[in-house]
Amino acid sequence: MMQKSELKTPYFMIDETKLIHNLEIARKLKELSGVKLVLALKCFSTWGVFDIIKPYLDGTTSSGPFEVQLGHETFGGETHAYSVGYSEEDVKAVADLCNKMIFNSQHQLATYRHLVEGKASLGLRLNPGVSYAGQDLANPARQYSRLGVQASQIDAAVFDTIDGVMFHMNCENKDVDAFIRLLDNISANFGAYLNQLEWVSLGGGVFFTWPGYDIEKLGAALKQFSEKHGVQLYLEPGEAIITQTTDLVVTVVDIVENEMKTAIVDSATEAHRLDTLIYNEPASIAEADEQGSYEYVIGSCSCLAGDQFCTARFRQPLKHGQRLHILDSAGYTMVKLNWFNGLRMPSVYCRRSNGEIQQLNEFDYSDFKRSLSQWSVC
Ligand SMILES: Cc1ncc(COP(=O)(O)O)c(C=O)c1O
């Protein structure tokens, strides 16, 4: 059996037991509400663990053509296809693979509907104009948003020609009452349209697996909404499914000092944990202890001056060669890996519930080289 100490860093370790903990909550939400859940592949698409997830969820949703193909091939169940902007080629490629095709604008719907009719259920993304999101960058209702049709621009006749709509207006929303307020707003402003439809997707960003989240209250609100409007409801969870399941394991390769000590590790946020940088949200380290007397910047080994995972305190001084576990590193990480600086790409492992460690992926120099060019000019 593979031992953790033998694995070469950097690597991601997905923990099956923790994943199943989240999935059991998802199952309960489905039972309470009748909602269907489709995994948002944009957040997590490490298909090597889909056999663990499949029994709990209804399918996948996507944000680009290759995600549709991946969902269809590796997950099955319902395959929802959405894109902010489809080309004709994309629509042709995915129409045979998906069950639901959701367009972002009335123009795209009108242009491509003939390619989808008879193959998949047709949907349109609406922008409710309200949202719950901590940062403007991730706020679908931000000024000049291009995400979905604005209420003032809706042509009411469209609802006679589609089967469903999608709203996505939450980002890491841990407040059930705030979500219910959004639901009430949608019911009040779009209810007459929804009554004509078969299905409504409420998108992702509802953090129902967060400790203490009132799942009964959420379930009751969703059930009431779907009964009131006579629709099958969907949620598109990504982060809620994969949260707190995965460590990024790194090794301290150097310790430097410039007023503060920086432990440099064999990974970088810019290449392996991009959202740390984009959203300026420091990572957490399993070995850290707020009461500890030894403070370090956990610095990346990329060339970007500000590239660091976090600042953390430890009970003992860090040592060269020591391993650190960067917590909660599954969502929006493996899907965004890149080869910046030619760093070693983290391998991906899964620790099964019986303790066995299985490898899902590994990368080497040939993957790096191929990602840059396959042919040279002649
Ligand atoms: C349309 C849509 N659905 C689902 C999701 C998944 O959100 P989360 O991972 O926060 O649950 C997103 C995230 O951006 C989204 O844009």
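Of all lysines in the structure, those lying under 20 Å Cα to Cα from Lys369, and not within fewer than 8 positions of it along the same chain, are Lys336. The gain in end-to-end length when the Asp96 to Glu259 segment is fully stretched comes to 52.7 nm, 0.36 nm per residue minus the alpha carbon separation.
Listed by chain and number, the lysines whose alpha-carbon sits under 27 Å from that of Lys319, ignoring those within fewer than 8 places in the same chain, are Lys4, Lys8, Lys261.
Relative to the Cα centre, the charge distribution of region 58-164, modelled as +1 at Lys and Arg Cβ and -1 at Asp and Glu Cβ, gives a dipole magnitude of about 300 debye.
So how much slack lies between Asn185 and Lys223, counting 0.36 nm per residue of separation and subtracting their Cα-Cα distance, in nm?
Working: separation 38, 0.36 × 38 = 13.68 nm, distance 1.60 nm.
Stretched fully, the Asn185-Lys223 segment lengthens by 12.1 nm.
With the charge dipole of the chain set up from +1 on Lys and Arg Cβ and -1 on Asp and Glu Cβ about the Cα centre, the Cα lying farthest toward the positive end among the listed residues Ala133, Gly306, Val158 is that of Val158. Leaving out ligands, DNA and RNA, what percent of the accessible area of region 112-181 is carbon and sulfur, probe 1.4 Å? Carbon and sulfur: 45 percent of the exposed surface of region 112-181. Overall form of the chain: prolate. Here a/c, set by the Cα gyration tensor axes a ≥ b ≥ c, is 1.5 or more, and a/b is the larger of a/b and b/c.
Given a 1.4 Å probe, how much area per residue of the chain is accessible, in Å²? Don't skip to the answer; put the middle values down first.
Numbers: 17850 Å² over 378 residues.
I get 47 Å² per residue for the chain.
The simple spin-label model puts a point 7 Å past each Cα toward its Cβ; for Ser376 and His114 those points are separated by 4.9 nm. Multiplying the residue separation of Lys319 and Glu6 by 0.36 nm and removing their Cα-Cα distance gives an extension gain of 110.8 nm. Coupling constants for region 232-247 follow from the phi torsions by the Karplus curve (6.51 cos²θ - 1.76 cosθ + 1.60, θ = phi - 60°), and in residue order they are 7, 8, 10, 10, 10, x, x, 4, 4, 7, 10, 4, 6, 9, 9, 9 Hz; glycine and proline get x. Long hydrophobic helices in the chain, taken as whole DSSP H segments with a C-alpha length of 20 Å or more on their own axis and mean Kyte-Doolittle hydropathy at least -1.0: 16-33, 176-194, 215-229. Placing unit charges on each Cβ (+1 for Lys and Arg, -1 for Asp and Glu) gives region 1-124 a dipole about its Cα centre, and among Thr79, Val68, Pro55 the Cα reaching farthest toward its positive end belongs to Pro55.
Determine, from the Cβ-Cβ distance of Asp177 and Ser152 and an R0 of 30 Å, the FRET efficiency 1/(1 + (r/R0)^6), rounded to the nearest 0.05.
Values: r = 28 Å, r/R0 = 0.92.
The formula returns an efficiency of 0.60 here.
If you take all other residues with their beta carbon under 14 Å from the beta carbon of Val335, and give Lys and Arg +1 and Asp and Glu -1, the sum is 0. Label-to-label distance for Asp367 and Lys336 is 1.8 nm, based on points extended 7 Å past Cα in the beta-carbon direction. Partners of Lys100 within straight-line reach, counting lysines whose Cα lies under 21 Å from its Cα and excluding those fewer than 8 residues away in the same chain: Lys30, Lys36, Lys42, Lys54, Lys92, Lys119. A simple count of charges around Pro140, restricted to other residues whose Cβ falls under 10 Å of its Cβ and scoring Lys, Arg +1 and Asp, Glu -1, yields +3. Where the accessible area of region 9-106 is counted over protein heavy atoms with a 1.4 Å probe, how much of it, in %, is carbon and sulfur? Here it works out to 51 percent. Volume per residue of the convex hull around the Cα atoms, evaluated for region 81-147, comes out as 96 Å³. A DSSP coil position with no more than 11 other Cβ atoms inside 10 Å describes the following GluC sites (Glu not before Pro) in region 251-356: Glu259, Glu290, Glu356.
Quick one: order Thr246, Thr9 from most to least accessible surface, probe 1.4 Å.
On the way: Thr246 0, Thr9 25 Å².
Heavy-atom accessible area, descending, gives Thr9, Thr246.
The values are calculated or read from the model by the stated rules, or taken from the named source; none is laboratory data. If you're wondering where the values come from, they're calculated on a predicted model, not measured in any experiment. Neighbour counts are summed over all protein chains in view; Cβ atoms, including those assigned to glycine, are modelled from backbone coordinates with ideal geometry. All accessible areas refer to the heavy atoms of the entire protein, side chains included, with ligands and DNA or RNA removed. Shrake-Rupley method; radii C 1.70, N 1.55, O 1.52, S 1.80 Å.
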